[in-house]
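A short worksheet on the structure shown next.
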Amino acid sequence: MKLQRRALIKGLFTAAAVLAVPRWLFAARPDAAFDADSAEGVLGDLFDGPITESDQVMLKIPDIAENGAVVPVTVSTGLADVESISVVVLNNPTPLAALFEMSPQSVPDISVRIKMGESSAVQAIVKAGGKLYSSSKEVKVTIGGCGG
Amino acid sequence: MGKPIKIRAKIKGDIAEVKALMPHPMESGARIDADTGEPVPKHYIQEVICKHNGNIVNTAYWGTAVSKNPYMSFKFKGAKSGDKLEISWKDNTGDSSVSEIAFK
């Protein structure tokens, strides 16, 4: 009896510790969001709250990508207290391409090269001060980069 | 063990600019092997951790849509000459790689 109660109390403390971690700190890869096959799924799994279009989010990506297998993306922002920067390709089979988690030392300016299966809107989402901001751009792909 | 990560880093004023190139196939699972007609299994980097003198300054979580032989760049404050920068990745097969440089 006593042992069971001890285990229960220990369990409760562990649960409390897990819940106490701030929401924005993923601490682990958000696998469900990366596996989601729709942009709505990605956003639902990853973020809560409305996303505001902002000219403070700078998304640099070519208008026309000749090779969908290698599309350079740069996202930077003038916003303060940036927690994360995500890149979402709306028409990709799994839209979430990358999520960069910032630290207090970070300067929010990242680049990465991504694959695009077809022409699509690309959205950069910045989480700053607990709020979500985004910027989108249509990218035309002449040769897709997902299949063979 | 994965191939070593190529790291280029320089300090401009107070800000360190880091560029990293990671040789990796980044198979999305959608590509068909031309010889066998079978899909090539998923094999991609899921997590990249960048540490400055042991402190995490940037964590990248990736899906299958990051290009083959991934390139990434990022910036952070507070680095000075002689400081260490370590970048490591883990992929979905459990493979990993880690490389370290010192700032000039």
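What follows draws every value from the coordinates through simple rules; no lab data is involved. Note that this is a predicted model, so its numbers are computed, not measured. With ideal geometry, Cβ positions are generated from the backbone for all residues, glycine too; neighbour counts draw on all protein chains shown.
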Among B:P70, B:P41, B:P25: highest mean-square fluctuation, GNM of chain B, C-alpha pairs under 10 Å: B:P41
Distance in nm between A:D63 and A:A32 label points, each 7 Å along Cα→Cβ, equals 4.0
With an 8 Å cut-off on Cα pairs and a minimum separation of 6 or more residues, tell me the relative contact order of the range A:32-145 in percent. 34
Can you give me the relative contact order of the range B:6-102 as a percent, contacts being Cα pairs under 8 Å and 6 or more apart? 31
Kirkwood Rh over alpha-carbon pairs of the protein assembly as shown, then Stokes-Einstein at 10 °C and 1.306 mPa s: what D in µm² s⁻¹, rounded to an integer? 83
For a paramagnetic label modelled at 7 Å from the Cα of A:A80 toward its Cβ, which residues of the range A:30-57 fall within the zone defined by backbone nitrogen distances under 17 Å? A:56-57
B:K3: which aspartates and glutamates have alpha carbons under 18 Å from its alpha carbon, excluding same-chain residues fewer than 8 sequence positions away? B:E27, B:E47, B:E86, B:D91, B:D95, B:E100
B:I56 paired with B:I32, simple spin-label distance in nm, labels 7 Å along Cα-to-beta-carbon: 4.0
